[in-house]
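Just below is one structure, and these are the notes that go with it.
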Amino acid sequence: MFLSWCGRERRLVDEVDYARLRHEMVRYQLERHGIRNPRVLDAMNTVPRERFVPARSRFMAYDDTPLPIGFGQTISQPFTVAFMCQALELRGDERVLELGTGSGYGAAVLSHLAREIHTVERITELYEQARQRIQEMEYPNVHVHLADGTLGLAEAAPFDAIVVTAAAASLPQPLALQLAQGGRIVIPLGESPLTQEMHRFTRDGATWRVEKLGGFAFVPLIGQYGWNAPDDLLSTD
């Protein structure tokens, strides 16, 4: 009976019209909730999200919800991915650092929005899965690294934009040091591990402009400069 049920589930998954669901996601989840950047909408309508979730969850790939990908991690809901990409204000010629590769979905979306993407994952199994997936799906401008993302990626710095897909109490010092002039960092910050507020830091000479962009919930950022690390550089006040 179990094998029979699995067979029926597999047929249902195989029969899903993912292109239609992807289009509906863009129209109803993104456009209607404030995602206006046409390049971001096109990227979200291009990348096959179902390829980045476990097979058993593919029928939910375009639901407005995060999904587990193993090892206590999730793939963010489509709106969150689109929101952070829009907040980066990418033109297409930037070098971008992403912290928290996860499944690789965010990096794949970013590959349509910027010239070069470096994405860092700390969990070996997720790193290997994402690297293989990115290679098989042919995103040549995406480079996947296994490292402590809170340290940034000094060997590839400076970056025009940095996006962090996990939450910290304040901005990790290495990220601020690796951002180019005029660059932007988008990161969820907060004192609670359950809810945070999205922030955008823009570097303008020796000063920083800090904007609060609304409430979100992310898993904690783990690493030397991660959750409640004592050596953070910038306050959000």
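Quick notes on this structure:
- Derived scalar couplings ³J(HN,Hα) [region 20-37; Karplus, 6.51 cos²θ - 1.76 cosθ + 1.60; whole Hz; x for Gly, Pro]: 5, 5, 5, 4, 5, 4, 4, 6, 9, 8, 9, 4, 6, 10, x, 7, 10, 5
- Neighbour cut-off at most 16 other Cβ (10 Å), DSSP loop, trypsin sites (Lys or Arg not before Pro), region 92-133: 115
- Here the Karplus relation 6.51 cos²θ - 1.76 cosθ + 1.60, evaluated at θ = phi - 60°, turns the backbone of region 77-87 into coupling constants of 4, x, 4, 5, 4, 5, 4, 5, 5, 5, 5 Hz, with x for every Gly and Pro.
- For residue 183, residues with placed amide H under 5 Å, excluding near neighbours: 203
- Spacing of the modelled spin labels on residue 91 and residue 115, each 7 Å from Cα toward Cβ, amounts to 1.1 nm.
- Helical runs assigned H by DSSP (4 residues or longer) give the chain a calculated mean residue ellipticity at 222 nm of -8000 deg cm²/dmol, each run adding -39500 (n - 2.57) before division by the residue total.
Read-outs: derived from the displayed coordinates by stated rules, not from any lab. Nothing here was measured: the structure is a model prediction, and the numbers come from that model. Glycine gets a Cβ as well: all are built from the backbone with ideal geometry, and neighbour counts include every protein chain shown.
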